[in-house]
Structures are given as structure tokens and as C-alpha cells.
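Working notes, structure below.
The values are calculated or read from the model by the stated rules, or taken from the named source; none is laboratory data. Note that the coordinates shown come from a computational prediction; the quantities given were computed from them, not determined experimentally. Note: ideal-geometry Cβ built from the backbone for every residue, glycine included; neighbour counts use all protein chains shown.
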């Protein structure tokens with residue numbers, strides 16, 4: 001999460017989040033809060049370079065984006081457990097709609113977003129997947145838990 005805060009604060013000149021509405025759903029052992037917001041930011045050359053690296057050489061597209069204010073519809077859903085702690089946060093941002101309001105046509109939006117470094121949950125930048133652990137390897141019965149974890153870390 002701290003990495004994403006750093007990415008957002010580094011790659012975007014300014015950020016504004018304006019909430020329009022929210023819904024609260026209470027269950028026996030949890031609470032879900034969904035906020036509908038507008039996420040606004042200014043796209044600068046560093047934004048384009050780090051989030052849309054494949055279009056940095058397309059001057060015609062860069063000129064339509066650099067320095068522009070971007071307004072995106074964003075839904076943020078918070079999941080709270082029985083202890084009242086936030087156990088999950090899901091962010092859904094309409095980047096297609098946001099950039100369709102800035103660039104000249106939908107083909108340009110497709111070029112921009114088709115290889116953008118934006119992952120699920122609106123995560124920016126290169127998102128590295130954790131290495132896969134081979135769970136089919138035979139482990140001696142006498143091996144202690146910390147030894148198992150150490151061996152998995154080496155895979």
C-alpha cells in the first residue's frame with residue numbers, strides 16, 4: 001500500500017478526491033462501505049512516461065495529455081471485519097471514461113490504455129506478482145515449519 005501511495009504522489013502533480021455519495025451495508029459480523037467519488041489529477045510528462053511508457057514517443061498523443069486535468073469516476077469499497085478493522089479495500093476507477101474526455105477519439109484511448117501500467121484495484125506502475133511456490137515438492141515429515149518457510153523462500 002505504501003508503494004502505491006508513493007506512486008500516486010510521485011507520478012501525479014496533484015490529486016483531489018471528492019465524494020458524492022456512500023452506502024453502508026451492515027451484516028452480522030461485518031460492515032461494507034462503498035463511496036462513489038470523482039478522482040481528479042493532473043497528468044504530466046512523468047505520468048505518461050511511467051504509466052503509459054509505450055506512447056511516450058507518440059508526440060501527438062502526449063501533447064493531448066501533458067498538463068491536462070483528468071477527472072475519473074471512482075468507486076472505493078471498504079470491508080470491515082467483526083473487530084472493526086478494514087480487512088480489504090477495492091478501488092474501481094473509470095480510466096476509459098476519464099481519458100475519453102481528453103483525447104480526440106476512442107482509438108487514441110485504446111492506444112493509451114491497452115498497454116498502460118494500471119493493474120487491478122487501480123494500482124499504478126509495474127506490479128510484480130509474488131513468485132510461485134512449488135507446493136508439490138515432497139517435504140520430510142520431521143522438517144520444522146520455519147525450515148519449510150525458508151526452503152520455500154529459496155524457490
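Among helices (runs of 4 or more DSSP H) entirely within segment 1-77, having at least 3 residues that are in contact with a strand residue (DSSP E or B) (Cβ under 7 Å, 6 or more places away or on another chain) and touching a residue at least 12 places away in the same chain (Cβ under 8 Å) singles out 2-11.
Scanning segment 79-110 for residues that are closer than 19 Å to residue 16 by Cα and assigned to a strand (DSSP E or B) gives 89, 90, 91, 92, 93. Against the condition in a loop (DSSP other than H, G, I, E, B) and either at pLDDT below 55 or within 24 Å of the chain's Cα centre (by Cα) (or both), how does residue 129 come out, does it pass? Considered against the rule, which asks whether it is in a loop (DSSP other than H, G, I, E, B) and either at pLDDT below 55 or within 24 Å of the chain's Cα centre (by Cα) (or both), residue 129 comes out as yes. The one condition from (1) under 18 Å from residue 7 (Cα atoms); (2) at pLDDT below 85; (3) not in a helix (DSSP H, G or I) that residue 121 does not meet is (3).
Do you know which residues across segment 36-58 are under 16 Å from residue 90 (Cβ atoms) and buried (at least 17 other Cβ atoms within 10 Å of the Cβ)?
Result: 37, 39.
Of the numbered criteria (1) closer than 17 Å to residue 123 by Cα; (2) in contact with a helix residue (DSSP H, G or I) (Cβ under 7 Å, 6 or more places away or on another chain); (3) surrounded by fewer than 12 Cβ atoms within 10 Å (Cβ to Cβ), the one residue 104 fails is (1).
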